[in-house]
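Asks: Just passing along the structure, written as structure tokens.
The values are calculated or read from the model by the stated rules, or taken from the named source; none is laboratory data. Keep in mind that what you see is a predicted model, and the values were worked out from it rather than measured. Here the Cβ positions follow ideal geometry from the backbone for every residue, glycine too, while neighbour counts run over all protein chains shown.
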């Protein structure tokens with residue numbers, strides 16, 4: 001019964017006045033003429049109007065054998081970020097003449113052939129009609145989709161500093177089915193991996209591609225930097241030491257305090273009591289330098305200097321001989337007199353010239369020179385009498401040396 005929606009069934013009964021009763025699900029069961037809408041076996045029961053006797057008759061309504069038979073073709077791909085067309089179709093199981101009609105959310109090809117294309121995921125239907133019997137079959141095809149973008153994040157846990165010149169950034173998700181492409185302000189090492197190296201601070205962007213569906217996700221990370229050199233203030237910038245105050249305390253302060261290391265350098269003509277603190281004591285003269293290093297970033301400041309000059313106002317010796325005897329007392333008094341004379345009045349520069357050195361540490365040479373001049377002055381200028389125990393020209397060298405050692409000869413000279 002393909003091609004028609006119902007079949008008419010007709011019966012009759014005698015004598016006139018007999019009644020009808022159809023069994024099997026007809027439209028009008030008490031009418032001799034009725035209709036059915038489905039295949040099956042139908043029975044007509046006729047009843048005699050006076051005797052009540054009955055008579056029956058059956059009829060079979062069958063369906064057509066020309067209903068189209070087909071199989072749905074397998075779907076080999078899906079709608080993805082890189083694939084927008086999916087082929088769909090059916091294969092007819094017999095050679096009956098048929099027609100096709102496709103419906104669905106995104107038919108891209110023809111809709112009246114066994115195969116067509118879809119551009120949108122969803123369910124597609126094809127109606128196959130036997131053009132002879134009008135029998136029809138309907139087949140459904142599901143087109144899948146895979147357009148999920150990878151959820152991308154980028155991270156950095158370190159900082160670019162003067163001592164850490166490159167760091168590693170990272171991205172997720174990870175796996176062999178993902179591809180990575182990094183971009184940013186600096187040089188990127190291994191920029192097609194999940195964990196590249198970068199050497200400049202700033203914003204870096206990673207694009208992750210899902211190699212299965214071609215979809216991409218983007219993430220950004222800001223790489224922090226700490227590469228500012230610390231500033232420093234050094235006081236004083238220059239000074240002059242004196243014989244009374246031969247040392248000076250220097251003071252350096254930095255913008256990076258307290259996370260700093262100080263490194264001082266003394267000239268050959270000077271010294272420092274400590275080269276790693278911010279306030280060392282300097283001795284001598286010349287140019288003293290200092291640099292400061294930020295212990296967090298490793299950045300180093302510019303070099304600062306302080307110039308120390310030794311006092312040049314040394315007393316000048318102007319001495320005259322005396323005819324007054326000074327030998328009336330013990331030899332130690334004579335020595336005391338002349339040791340003070342030499343220490344206080346003699347031109348110390350002359351002694352340095354004789355020592356032929358600019359090294360203030362050459363104390364032994366200076367001591368010897370003082371001793372020799374003390375002895376000569378005594379022999380030349382002392383006037384002794386017969387009552388003294390001290391003989392001119394024969395002063396005890398031991399006494400002279402002992403007295404000299406009481407004289408404060410040090411690096412000030």
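Asks: Report the residue count in region 181-192 for those that are crowded, with 16+ Cβ neighbours inside 10 Å and in a loop (DSSP other than H, G, I, E, B).
Replies: 2
Asks: Checking residue 95 against (1) surrounded by 12 or more Cβ atoms within 10 Å (Cβ to Cβ); (2) assigned by TED's automatic domain parsing to the domain that holds residue 117; (3) modelled with pLDDT under 90: exactly one of these is not met. Which one?
Replies: Going through the list (1) surrounded by 12 or more Cβ atoms within 10 Å (Cβ to Cβ); (2) assigned by TED's automatic domain parsing to the domain that holds residue 117; (3) modelled with pLDDT under 90, residue 95 breaks only (1).
Asks: Might you let me know whether region 3-16 holds any residue that is under 30 Å from residue 140 (Cβ atoms), under 60 Å from the mean Cα position of the chain (by Cα) and surrounded by fewer than 15 Cβ atoms within 10 Å (Cβ to Cβ)?
Replies: Looking for residues that are under 30 Å from residue 140 (Cβ atoms), under 60 Å from the mean Cα position of the chain (by Cα) and surrounded by fewer than 15 Cβ atoms within 10 Å (Cβ to Cβ), one finds none in region 3-16, hence no.
Asks: Please go through region 46-87 and give me each residue that is in a loop (DSSP other than H, G, I, E, B), under 60 Å from the mean Cα position of the chain (by Cα) and in contact (Cβ under 8 Å) with a residue 12 or more places away in the chain, ordered by number.
Replies: Within region 46-87, 73, 75, 78, 81, 82, 83, 84, 85 qualify.
Residue-by-condition table, conditions (1) closer than 11 Å to residue 308 by Cβ; (2) at pLDDT 95 or above; (3) surrounded by 15 or more Cβ atoms within 10 Å (Cβ to Cβ):
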{"residue": "248", "(1), (2), (3)": "yes, no, yes"}
{"residue": "256", "(1), (2), (3)": "no, no, yes"}
{"residue": "262", "(1), (2), (3)": "no, yes, yes"}
{"residue": "266", "(1), (2), (3)": "yes, yes, yes"}
{"residue": "276", "(1), (2), (3)": "no, yes, no"}
{"residue": "279", "(1), (2), (3)": "no, yes, no"}
{"residue": "284", "(1), (2), (3)": "yes, no, yes"}
{"residue": "288", "(1), (2), (3)": "yes, yes, yes"}
{"residue": "292", "(1), (2), (3)": "no, yes, yes"}
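Asks: How about region 230-277: which strands (runs of 3 or more DSSP E) wholly inside it have at least 1 residues that are in contact (Cβ under 8 Å) with a residue 40 or more places away in the chain and under 18 Å from residue 302 (Cα atoms)?
Replies: 232-235, 238-241, 251-254
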